[in-house]
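Visitor: Got a structure here, written out as structure tokens. Questions coming.
Each reported figure results from applying straightforward, stated rules to the coordinates on display, with no laboratory input. Bear in mind the structure is a predicted one, so any value in this text is a computation, not a measurement. Don't worry about glycine lacking a Cβ; one is built from the backbone with ideal geometry, like all the others, and counts go over all protein chains shown.
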Amino acid sequence: MKLLVGLGNPGADHAFNRHNVGFMAVDAIAAARDFPAWRKRFSGAAAEGKLGREPVLLLKPATFMNESGRAVGEAVRFYKLDLSDVIVFHDELDLAPGKVRVKTGGGVAGHNGLKSLSAHIGNDYVRVRIGIGHPGRKALVTGYVLHGFAKADHAWLEPLLGAIAEEAPYLAEGANDKFQSRVAHALQSEPEAPDEPQAARAKPAPRSKDQSSGKKDEKPAPEGTLAGKLRRWFGS
């Protein structure tokens, strides 16, 4: 069993925040891989399915970012998981928008969600770091991460989430380097992310009905693809 955790804050007010890109990643995986509906488990929302031949539990803690470790700890203890089986998707200020890096263990770089996880379960879990860029000054960080993605960000965010969902089975197999390289390759032909100052100044994109609820759309996509679902989430 692999535990794939998306970090974020629950509720409509936070649904499209940069800080919630971890939630968006596991939502994209659930949608692309036809996981069953999310249900309340482990102080959060969980969906159980398979990636390739590997059984997987997707988890979005409902304990708010600063207490993420409490929800993850419940799942780890229930399934008696090794930390190598725990894969955490989170926003990363120190990576350019749209870049993805995978590592095991290491520091938490001031990320309160990671800090909580390390306090509750230890430090040697797998991190999928999703770049959102930095606003430029430390004083601006809180407002930046709790602000919605700009419309200009959709050019890289939608294909990025699609690539993460497509290549997620490699994570479940433990082929972390292959996952990282294939996501990067999938995005090579996509438009580059905007400069951080432009993204920071842009107004947040309006939330669609599905996006504000934090759940995937239950209506069938006309083209039957993940791209269609993502477009409805983002209201594009």
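Visitor: Got a sec to turn the phi values of segment 128-136 into Karplus ³J(HN,Hα) couplings, 6.51 cos²θ - 1.76 cosθ + 1.60 with θ = phi - 60°, whole Hz, x for Gly and Pro?
Guide: 9, 8, 10, x, 10, x, 10, x, x
Visitor: Got the relative contact order for segment 25-142 handy, in percent, Cα pairs under 8 Å and 6 or more residues apart?
Guide: Working: 195 pairs, mean separation 29.0, N = 118.
Worked out over segment 25-142, it gives 25 percent.
Visitor: Under a 5 Å amide H to amide H cut-off, with H placed in plane at 1.01 Å, what residues pair with Arg127 once short-range neighbours are removed?
Guide: Close amide H contacts, sequence-distant or interchain: Val88, Lys103, Thr104, Gly105.
Visitor: Rounded to whole Å and ordered largest first, report the semi-axes of the equivalent ellipsoid of segment 89-138 derived from its Cα gyration tensor (root of 5λ). Walk me through the numbers before you get to the answer.
Guide: Values: eigenvalues 78, 33, 10 Å².
The three semi-axes for segment 89-138 are 20, 13, 7 Å.
Visitor: Which whole-Hz couplings ³J(HN,Hα) result when phi for each residue of segment 173-178 is put into the Karplus expression 6.51 cos²θ - 1.76 cosθ + 1.60, θ = phi - 60°, listed in order with x for Gly and Pro?
Guide: Rounded to whole hertz, the list is 7, x, 8, 5, 5, 5.
Visitor: Only counting other Cβ atoms within 10 Å, I'd like His111, His134 sorted with the fewest neighbours first.
Guide: Numbers: His111 23, His134 19.
The fewest-first ordering by Cβ neighbours comes to His134, His111.
Visitor: Moving on. Using DSSP to define loop residues, name the trypsin sites (Lys or Arg not before Pro) in segment 114-160 whose beta-carbon has at most 11 other beta-carbon atoms within 10 Å.
Guide: Qualifying residues, ordered by number: Arg137.
Visitor: Right, here's the next one. For every other residue with a beta carbon closer than 12 angstrom to the beta carbon of Tyr170, add +1 if it is Lys or Arg and -1 if Asp or Glu, then tell me the sum.
Guide: -2
Visitor: Scan segment 1-110 for trypsin sites (Lys or Arg not before Pro) in coil per DSSP, keeping those whose Cβ has at most 14 other Cβ atoms within 10 Å, and list them by number. Before the final figure, lay out the partial values.
Guide: Numbers: sites: Lys2, Arg18, Arg33, Arg39, Lys40, Arg41, Lys50, Arg53, Arg70, Arg77, Lys80, Lys99, Arg101, Lys103; in loops: Arg33, Arg53, Lys80, Lys99.
Filter output for segment 1-110: Arg53, Lys80.
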